[in-house]
Each structure stands twice: as C-alpha cells, then as structure tokens.
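One structure is given below, encoded as structure tokens.
The values are calculated or read from the model by the stated rules, or taken from the named source; none is laboratory data. All of these numbers come straight from a predicted model, not from anything done at the bench. Don't worry about glycine lacking a Cβ; one is built from the backbone with ideal geometry, like all the others, and counts go over all protein chains shown.
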Ligand code: SF4
C-alpha cells in the first residue's frame, strides 16, 4: 500500500441533497458525503480495494472517508468528495482577496486507513472545532 | 380523498420549480405525497413532517448539553449578542424569503453588522464579474422557447438542479424549439464525466482549473485566429468545432456553476465566460445564466441590492454600506479574527465553509436560526428552529434568472413555532429597546 497524491474537487450529488434534507445528523448524510470517489487507476496506485476507509490530508486538514469507485468517471488523478464537512475539512480557506475560498483543486495525499472510522457530520465538526 | 394543493413552489434549489402538487391528509395538517418534485425537493417537504423535528429554541450548557428556552429568551439572547458585539457577522439569508431578508437588514443596520449571504461561497465570483463587465442574460422562459445551443460549464444539473433540464434548458418543447431536446445541441464542459456530461452531444473534459485558458481559446476560435495544438487538455480541432457550434445556432445559452466560481481564477473565469457570450452576440443571440444554488440566494442579492446597492459582503459597521469582497467577506473576516459574534440564518456554514472558518465560529458567541440540526447548530451557543419557508409559510423568492416567484404555504408549522420573520421581528424590537430607540 502506498500513499498517493491527487487533485481534489467537490460538488453536489442527488444523494447529498436528499440526505441533507433528511437530516445532517443522520448516518445517511455521512454515507452520502463522507466518501472519496477515486478512479480505478488511482485505486491501483493506492494498492487497496474499493470501499476501504482512507485518510485524506491536505495542507489545511485531514479527514477519514470511505474510498469508492468513481461514479462519474473516468477521471484519473482527480479525487472527488461531495460538498459537505468532509470535503471542507481539507479546503484552503484563502480567498486571495476575492472573498471566495479555493474550494476546488486542493492537492491532497490519500493513504489507506482501514482501522479508522468515518465520523458522522456532527461528530466530525465537534471533534474539529470544540 | 386527499386534498391536493397545486402550483406549489419548491424551496430547495435555484430552479424554484413552481408546478409541484402536494397531497394533504383530510384535515389538511399532514403532507402525504409530493408530486412533480425531484427527489431532493420531495425530501424537503416530507422531512418537515419528521417526528424528531426540533420545535423549540435550545441553548447550549457548559457541559455541552442543550436546554430548551422560549422564543422570547432566544430573541433576548440574540439581541444582546448583536448589540454587545463590536462587529457581528450576520450570515446566511439564502434559505428564507425576501421579507425576512429585509427584516434582517433592519437589524444589521441597527447593530452595525457585517452581512453576507451564501453567494460568498457560491456565485460571489459571478457577482464580482458582473459588476466588472456586465452580463448579457435571459430568463429561463426565453431559453426554453429559444435556445438551440446549450452549454453547461462546470455545473452538473443532473445532480444539483435535477429538473432544470426537463423544465427549461434541454427537454421542453418551446415556441422555437418544438422538437425539445432534438432541437438543441448540448455541450458540457467538466473535468469529470458527470451524469450531465453523459447526456450531452459533446463532452469537453478539460483539465481541472484550466477554465480561463479554454474560454480564452474559444474567444480566439470564434474570431478564427490561430490556436496552439492543445489548450487545457483539449485539442484545437475540438475548440474550433465548439466555436462553430456556438456561432451557428440561433440562440446560445451558457449555464455555469461552482466548477468555475470555485477554481483558481475565480471571478476572472466568469469575466471571460461573459466575454465569450458577448462575442457570440456578434454572430447570433447568446445569454449566460449562473446556476444559483439556494432557492433564494438570488433574492438576498436583490433585496440588498435595492436596500444598500451591493448584493453580498456588506459592511454596515460605519453606519453606511461598504462593499469589498476579500475584506468584508465572511471567510476573510473569520480567518482574520475580525468579527466578535456570529449570527446565522438560512444557511449552514458549519458544513459548507472551510473548516478553518468553522473553527473561528465555534469560538465566538453565536446563534443559528435553522429548522434543521446542522454542523452550524452543533457549534453554536443558541439554536432557534423555525418554520420552513415555502412549506409552512409563504413569501417571495427569486429564481436563478432573477424572476421573483411567490412561494406558498402548504401546511401549518408545529404549534407554537415561529417563522424566520416573526423571530427576527422579536429580535429587532429587543435590539431597539436595548439601544434605547424604542
Ligand atoms: S429541481 Fe430544484 S426546485 Fe425543482 S423540485 Fe428539484 S430541488 Fe426543487
């Protein structure tokens, strides 16, 4: 198993929207958004199976999510986490004087973390902030 | 026989669908079924009925537990928090109606707040670009009737605005687009092969973050000038083809989303997308529309536009409105420790701001006004649940193309629950009392 470098972006999914409306404190929201979509090529480089928990780290933070196969791929070298607190645990808050944080295009490192768990949204934000 | 309420407006995304039908129980109190909505819209209506929904404000205790308080106590706490702060941030304003937005402005003026809406993490880049270069735009109705070239750039309506394509942009049979999707050529520009891209006639899979280069290359191609062999990962032949397709239509509509506003370049990515649209108007008719996210983020910009002259990033601390994104924008204010209290209504920065900013909110006196339990409510000192706008109270909202639509009340809120505006009125009255101006 090896740590790999990828470029990270985020965005909406129907599941993200539905689970958010059903309650961000619920596990369905975690299951919809606490994931990293990776290309097959990147799974090979990472040396682990699909549906394994992974640690994703950037200059700005670290988060554990479940790595799944890309549903809207192929996009080798590009990782994708649905919009939500898991993606935002990694994002550059710098706005370069535009007011807009740099949400897309965060360089991240991914490595397998099978023994770690993916926290729900409330537990994640509580652990990070309180 | 269920009672059917027709012409219901969906208060979720900027598509603001106004053709929903909601089936109610005989006594009119319970929502049984939602017709015509997408899965997200239906979830919003049905979740409002959840048995575990919070119906009273709650205050966080020292040990981290929550204690129920009355709305009056909550309004008193909120008013004191705002009056005591030197520079409070009043953020959100996108999932509520224009009336509540306007009451919020009155409070903001009284207490000298910084006020910002979700455009700050969404289409703020667009608003800056529009101020810089203007915008040739159109309503979704015009687009449904006329557009025969439709571009989705850095947006994925199949997931984010699920009925956009069926109601307005791709499938409807309009006056000049009688064959529906067959009348239109659909181009999707996205670094992923999204579900929207899979439906397109052409998917342009550019390298992530190279939007400016590609838009610039399209301008060159529209003029018939020379291009390098590859731009942003796209061969020049394809870029010339795109330019030809866009020029040869009768009406080109360009929709764009977070893929461009969030990537480096930010407002400049939008500047140049607008300039492409302007260039196309030398050959045909072209319009560009931002895929706004929250159902009434557009309204918030409208209300502040007519009240203060600026659509977001308002700084009212000097008694008049100043506007300077990068300085008066929420994330910059938080990261630089420039605000000393946070008030959030109708948005969830806890989930949608970079965690560095959320950490700052967690350290400050804070109130979150939101029907849901959210990461923001989890880090706030006071959580005030309110009625759902568009479900339990009506009010005006603006669609992504700046068309105002009056949302409808479908059912009563749980007994004793206040609406956003009712709660804000309590806060405003209390603020005025505290400031001795009542
Ligand atoms: S497309 Fe948007 S406005 Fe229309 S039903 Fe779905 S969520 Fe609601």
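Looking for something within 21 Å of residue B:275 (Cβ to Cβ) and part of a helix (DSSP H, G or I) - is there at least one such residue anywhere in the stretch B:228-236?
Checking the stretch B:228-236: at least one residue is within 21 Å of residue B:275 (Cβ to Cβ) and part of a helix (DSSP H, G or I).
Check the stretch B:8-15 and report whether any residue there is outside any loop (DSSP other than H, G, I, E, B) and near the ligand (Cβ under 7 Å from one of its atoms).
yes
Is it the case that residue B:21 is without any contact (Cβ under 8 Å) to a residue 60 or more places away in the chain, within 26 Å of the chain's Cα centre (by Cα) and not assigned by TED's automatic domain parsing to the domain that holds residue B:169?
It is true that residue B:21 is without any contact (Cβ under 8 Å) to a residue 60 or more places away in the chain, within 26 Å of the chain's Cα centre (by Cα) and not assigned by TED's automatic domain parsing to the domain that holds residue B:169.
Take residue B:94 and decide whether it is buried (at least 17 other Cβ atoms within 10 Å of the Cβ), under 30 Å from residue B:366 (Cα atoms) and touching a helix residue (DSSP H, G or I) at 6+ places or on another chain (Cβ under 6 Å).
yes
Of the residues B:141, B:134, B:112, which single one is outside the structural domain of residue B:277 (by TED's automatic domain parsing) and surrounded by fewer than 19 Cβ atoms within 10 Å (Cβ to Cβ)?
It is B:112.
Considering every residue within the stretch B:164-177, establish whether at least one is within 14 Å of chain A (Cβ to nearest Cβ), within 16 Å of the ligand (Cβ to nearest atom) and in contact with a strand residue (DSSP E or B) (Cβ under 9 Å, 6 or more places away or on another chain).
Yes, the stretch B:164-177 has at least one match.
Which of (1) farther than 22 Å from residue A:93 by Cα; (2) touching a strand residue (DSSP E or B) at 6+ places or on another chain (Cβ under 7 Å) does residue B:247 not meet, given it meets every other one?
The single condition residue B:247 does not satisfy is (2).
Listed here are the residues, each with its yes/no results for (1) under 21 Å from residue B:161 (Cα atoms); (2) assigned by TED's automatic domain parsing to the domain that holds residue B:378; (3) modelled with pLDDT of 95 or more.
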residue: B:272; (1), (2), (3): no, no, yes
residue: B:281; (1), (2), (3): no, no, yes
residue: B:305; (1), (2), (3): no, yes, yes
residue: B:319; (1), (2), (3): no, yes, no
residue: B:330; (1), (2), (3): no, yes, yes
residue: B:337; (1), (2), (3): no, yes, yes
residue: B:346; (1), (2), (3): yes, yes, no
residue: B:349; (1), (2), (3): yes, yes, yes
residue: B:357; (1), (2), (3): no, yes, yes
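Which of the following residues is closer than 22 Å to residue B:293 by Cβ, assigned to a strand (DSSP E or B), more than 7 Å from chain B (Cβ to nearest Cβ) and in contact with a strand residue (DSSP E or B) (Cβ under 7 Å, 6 or more places away or on another chain): A:90, A:8, A:36?
A:8 is the lone residue from the list that is closer than 22 Å to residue B:293 by Cβ, assigned to a strand (DSSP E or B), more than 7 Å from chain B (Cβ to nearest Cβ) and in contact with a strand residue (DSSP E or B) (Cβ under 7 Å, 6 or more places away or on another chain).
Any chance the stretch A:62-73 includes a residue that's more than 13 Å from residue A:118 (Cα to Cα), within 9 Å of the chain's Cα centre (by Cα) and at the interface with chain B (Cβ under 9 Å from one of its Cβ atoms)?
no
Since residue A:26 meets every condition but one in (1) within 11 Å of chain B (Cβ to nearest Cβ); (2) crowded, with 22+ Cβ neighbours inside 10 Å; (3) closer than 27 Å to residue B:378 by Cα, which condition does it not meet?
Looking at each condition in turn, residue A:26 falls short on (2).
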